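Presented below is the structure to which this report refers.
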Amino acid sequence: MVALGERFLYGSEIAGSLVIGLIFIGTALSGDTAADMRWKLIIGAVLCFSFSLVFLVMYMNSVKDRQKKRIS
């Protein structure tokens, strides 16, 4: 049961940061924003994608630790 909650938590964090990053990319690529604002939005999107990667690595490490505890 704990693993299910942990999966949901990490999954929602990853999905949320990816969606926010995609919104930033969409806003940057639309013609309504100024050139200097586009770079700020793209940097924000890269940061969001980096956060999702960090959450993914944290989840993978916790799964590996749980599997090591089961084997031991």
Completion exercise
For the chain, the charge dipole (Cβ of Lys, Arg +1; Cβ of Asp, Glu -1; about the Cα centre) points to a positive end, and the Cα of 8, 47, 26 closest to that extreme belongs to 8
Handout entry: Point-to-point label distance, residue 56-residue 43, nm (Cα→Cβ direction, 7 Å offset)
Key = 2.4
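Taking the Cα centre of the chain as origin, work out the dipole magnitude from +1 charges on Lys and Arg Cβ and -1 charges on Asp and Glu Cβ, in debye rounded to 20. Present the calculation step by step, with values, prior to reporting the outcome.
On the way: 8 positive and 5 negative charges, 105 e Å.
In debye, rounded to 20, the chain gives about 500.
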Handout entry: Cα-based helix-to-principal-axis angle, 35-71 vs the chain, degrees rounded to 10
Key = 0
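Taking all protein chains as present, what is the carbon and sulfur share of the accessible area of the chain, in % to the nearest whole number, probe 1.4 Å? Please list the in-between numbers first.
On the way: 4030 of 5500 Å².
Whole-percent figure for carbon plus sulfur exposure: 73.
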Fill in the blank from the handout: So the angle from the long Cα axis of helix 2-29 to the longest Cα principal axis of the chain, reported in degrees to the nearest 10, equals 10
Handout entry: Largest to smallest accessible area among 38, 66, 7 [probe 1.4 Å]
Key = 7, 38, 66
Completion exercise
Note on the chain: contact order normalised by length, alpha-carbon pairs under 8 Å, 6 or more apart, percent, works out to 38
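Using the Kirkwood formula over every pair of different C-alpha atoms, what hydrodynamic radius in Å results for the chain? List each step's numbers first, then the result.
On the way: mean 1/r = 0.0726 Å⁻¹.
Averaging 1/r across every pair of different Cα atoms and inverting gives 13.8 Å.
Compare 46, 63 by solvent-accessible area with a 1.4 Å probe and give them largest first, with all protein chains kept in place.
On the way: 46 85, 63 35 Å².
Putting 46, 63 in descending order of accessible area: 46, 63.
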Exercise for the section: Roll a 1.4 Å probe over the protein chains and send me the accessible area per residue for the chain in Å². Expected result: 76
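The values are calculated or read from the model by the stated rules, or taken from the named source; none is laboratory data. Everything quoted here is computed from the prediction, not taken from an experiment. No Cβ is skipped: glycine too gets one built from the backbone with ideal geometry, and neighbour counts run over all protein chains shown. Side chains included, ligands, DNA and RNA excluded: accessible areas come from the protein's heavy atoms. Shrake-Rupley method; radii C 1.70, N 1.55, O 1.52, S 1.80 Å.
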